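Below is one structure, written out as structure tokens, with a few remarks after it.
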């Protein structure tokens, strides 16, 4: 277990502001820890990252809709994530949850009523649902209209992509597929992601600083982001990944991350597609 850096206390203004009803499709809330203690199976210790701090980031970027993703440090205890959605308001907030496969149908319905629209399988940080339950849980959530969200490395994505393409629900791939930029866009994992997008059953989150091999300002990510958008412009969404957990050497600036999206996708209509229209379809806003 290790301690990670806190998010930045200030959010530099981006050079452009997100259009109305823009959605941050990937961030986390940690704490308050006296109400929502961390899970004993976690692999890192994040500083508290609370709702008021996130709202300052959202206001600086022009974000009005939000998707809170259950982090590995909470295991399958979704209380903090669901509480955040309730405080933000279910008219503008959704949840990606993590569950034990033994969960009952009634408990799944309660998650749905609390704003949940997806299950997350985290094969990088662990401490969540086992990959062996992927197909079973996909069948169980299909009647709810949910999707699966996966955080995987590029090597694992290459291995399981054929299975993902056969699931009875759509699939969202975290962090641009987990293929390091040093491996190039011809890397088998990245090509597997492009094929998945081409199948019409998969989406991708363009929060890709984690795939950078060079670090800030993440210029090496641009060819990957542009290739993904070209492959499936109607199946790309974006997220900050605030408060950027598990980082120990540098901390991104969220305004700069929105500027990166603007560089990858310069057209106003295309930016609206990624920030507003696609998330509305995917999460049911």
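The values are calculated or read from the model by the stated rules, or taken from the named source; none is laboratory data. Since this is a predicted model, take the numbers as computed values, not measurements. We place every Cβ from the backbone using ideal geometry, glycine too, and count neighbours over all the protein chains shown.
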Completion exercise
If you go through 65, 35, 56, the only one that is over 14 Å from residue 87 (Cβ atoms) and either surrounded by fewer than 15 Cβ atoms within 10 Å (Cβ to Cβ) or without any contact (Cβ under 8 Å) to a residue 12 or more places away in the chain (or both) is 56
Fill in the blank from the handout: Of the residues in region 158-187, those that are surrounded by 15 or more Cβ atoms within 10 Å (Cβ to Cβ) and part of a helix (DSSP H, G or I) come to 158, 160, 161, 164, 174, 175, 176, 177, 178, 181, 183
Problem - Matching residues in region 196-222 - criterion: being crowded, with 19+ Cβ neighbours inside 10 Å and assigned to a helix (DSSP H, G or I) - result: 196, 197, 209, 210, 211, 221
Exercise for the section: Can you tell me which residue within region 68-81, out of those that are under 26 Å from residue 145 (Cβ atoms) and out of contact with any strand residue (DSSP E or B) (no Cβ under 6 Å at 6 or more places or on another chain), is surrounded by the most Cβ atoms within 10 Å (Cβ to Cβ)? Expected result: 71
Practice task
Check residue 143 against each of (1) under 19 Å from the mean Cα position of the chain (by Cα); (2) surrounded by fewer than 17 Cβ atoms within 10 Å (Cβ to Cβ) and name the one condition it does not meet.
Solution key: (1)
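Does residue 202 meet the test of being touching a strand residue (DSSP E or B) at 6+ places or on another chain (Cβ under 9 Å) and either without any contact (Cβ under 8 Å) to a residue 24 or more places away in the chain or within 13 Å of residue 173 (Cβ to Cβ) (or both)?
Numbers: touching a strand residue (DSSP E or B) at 6+ places or on another chain (Cβ under 9 Å): yes; either without any contact (Cβ under 8 Å) to a residue 24 or more places away in the chain or within 13 Å of residue 173 (Cβ to Cβ) (or both): yes.
Answer is yes for this residue.
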Practice task
Kindly indicate whether residue 243 is touching a strand residue (DSSP E or B) at 6+ places or on another chain (Cβ under 8 Å), closer than 30 Å to residue 3 by Cβ and outside any helix (DSSP H, G or I).
Solution key: yes
Exercise for the section: Tell me, please, whether a residue that is in a loop (DSSP other than H, G, I, E, B) and crowded, with 20+ Cβ neighbours inside 10 Å can be found in region 264-271. Expected result: yes
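When you scan region 246-256, how many residues do you find that are in a helix (DSSP H, G or I) and crowded, with 23+ Cβ neighbours inside 10 Å?
Keep residues of region 246-256 that are in a helix (DSSP H, G or I), which gives 254-256.
Imposing the further condition that a residue be crowded, with 23+ Cβ neighbours inside 10 Å reduces the set to 254.
Adding up the residues that qualify gives 1.
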Completion exercise
Scanning region 164-187 for residues that are touching a helix residue (DSSP H, G or I) at 6+ places or on another chain (Cβ under 9 Å) and over 19 Å from residue 235 (Cβ atoms) gives 180, 181, 182, 183, 184, 187
Exercise for the section: Identify, from the list 193, 150, the residue that is at pLDDT 95 or above, touching a helix residue (DSSP H, G or I) at 6+ places or on another chain (Cβ under 9 Å), crowded, with 17+ Cβ neighbours inside 10 Å and outside any helix (DSSP H, G or I). Expected result: 150
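Mind checking which strands (runs of 3 or more DSSP E) fall wholly inside region 24-138 and carry at least 3 residues that are out of contact with any helix residue (DSSP H, G or I) (no Cβ under 7 Å at 6 or more places or on another chain)?
On the way: elements: 63-69, 93-97, 116-122.
By residue number, 63-69, 116-122.
So which of 20, 46, 14 is touching a strand residue (DSSP E or B) at 6+ places or on another chain (Cβ under 9 Å) and buried (at least 17 other Cβ atoms within 10 Å of the Cβ)? Working first, answer last.
Working: 20 fails: buried (at least 17 other Cβ atoms within 10 Å of the Cβ); 14 fails: touching a strand residue (DSSP E or B) at 6+ places or on another chain (Cβ under 9 Å).
The match here is 46.
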Handout entry: Where a residue in region 242-266 is at negative phi and modelled with pLDDT under 95 and its partner, wherever it lies, is surrounded by 23 or more Cβ atoms within 10 Å (Cβ to Cβ) and not in a loop (DSSP other than H, G, I, E, B), with Cβ under 6 Å and at least six apart
Key = none
